1. How big is Rg to Rh over the stretch 128-188, alpha-carbon atoms, Rh as the Kirkwood inverse-mean-distance radius?
2. Using a Förster distance of 30 Å, how high is the FRET efficiency between residue 12 and residue 118, based on the Cβ-Cβ distance and rounded to 0.05?
3. Going by a ≥ b ≥ c, the root eigenvalues of the Cα gyration tensor, does the stretch 163-244 fall in the rounded group (a/c under 1.5), the prolate group (a/b larger than b/c) or the oblate group?
4. Which residues' amide hydrogens lie under 5 Å from the amide hydrogen of residue 180, considering only partners 5 or more residues apart or on another chain, with H built in the peptide plane?
5. What is the distance in Å between the Cα centres of the stretch 201-242 and the stretch 160-180?
6. Report D for the stretch 128-282 in µm² per second (integer): Stokes-Einstein, Kirkwood Rh on Cα pairs, 20 °C, 1.002 mPa s.
7. What order do you get for 39-50, 110-121 when each peptide is scored by the mean count of other beta carbon atoms within 10 Å, highest first?
8. Given the convex hull over the Cα atoms of the stretch 77-152, what projected area results after averaging over all orientations, in nm²?
Amino acid sequence: MLGPADVRRLADELGLRPTKRLGQNFVHDPNTVRRIVAAAAVSGDDVVLEVGPGLGSLTLALLPCCRSVVAVEVDRVLAGRLPRTVAEYAPGTADRLRVVPADAMRVRAGDLTAGGPAPTALVANLPYNVAVPVVLHLLEEVPTLARGLVMVQSEVADRMAAGPGSRVYGVPSAKLAWYAEARRAGPVPRAVFWPVPNVDSALVALTRRPPPSAAPRAEVFAVVDAAFAQRRKTLRAALAGWAGSAERAGRLLAAAGVDPATRGEQLGIADFARIAEAAVRV
């Protein structure tokens, strides 16, 4: 495990100055790391996908508990140091680590499975500014991911786990629901990070489920985007541009069994899917 002194020593060795651009806030509290691994409930059969391992605090805690870890790190300096850190602190698990120096927003399934089995669980301390896009990309790109536990900004966690009718329900909530059930899994205090962020953090647990429809995902997501682009408007008005006219939007909504006078924040992902399906028929 890496404590505060270890994190500072490694950072000094690498000449590292954490940047907001990369969302670099490193966890230095061993108890928090143990809690994350316990909440993730990974087993000896799991191949864990870790995004942004940084200096390796979470990586070191994960390796003894799973079959292997595939760590995706965009910072080439950190990616190069991580195997050495594992070899120093947990030499018995070093052969379970594979580092992929890449941007998680652009990484492909083939990059993650080259020379090994496909990841089954996502466990990560995600950069705040790209957390939702990264999760959506990985769930789409890596269908073998059956579950996950991610640490994100507290407000983002609220949006990810929100259901229809909630004040914070929106595009991230609906799109994530296409892939998985999401729930908040507890808060994370600011003091466990270096540098200390100016926002609170929280854990979100994800459980993969089948898509609610055979409709093309891209078509369903286009409906979601249109519905929330003007969330104060009724769906008949909000979907006018997507459907070609307000009149056709009304017909599609009626065909999908959705009240044209309702708003997008009242619909679940299955409702959006029915609207996309109606566009093929009507």
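Nothing in this text is a laboratory measurement; each read-out follows from the coordinates by a stated rule. Keep in mind that this is a model prediction, so the values were computed, not measured. Ideal geometry is used to build each Cβ from the backbone, glycine not excepted, and the neighbour counts take in all protein chains shown.
1. Details: Rg = 11.0 Å, Rh = 11.9 Å.
We get a ratio of 0.93 for the stretch 128-188.
2. Working: r = 37 Å, r/R0 = 1.23.
After rounding to 0.05, the efficiency reads 0.25.
3. On the way: a/c = 2.99, a/b = 1.79, b/c = 1.67.
Prolate.
4. Sorted by chain and number, the residues that satisfy this are 209.
5. About 8 Å separates the Cα centre of the stretch 201-242 from the one of the stretch 160-180.
6. On the way: Rh = 16.3 Å.
Value of D from the Cα-based Kirkwood radius: 131 µm²/s.
7. Working: 39-50: 19.0, 110-121: 15.7.
Per-residue Cβ counts within 10 Å, averaged per peptide and sorted highest first, yield 39-50, 110-121.
8. Working: hull surface 22.1 nm².
In nm², the orientation-averaged hull projection of the stretch 77-152 is 5.5.
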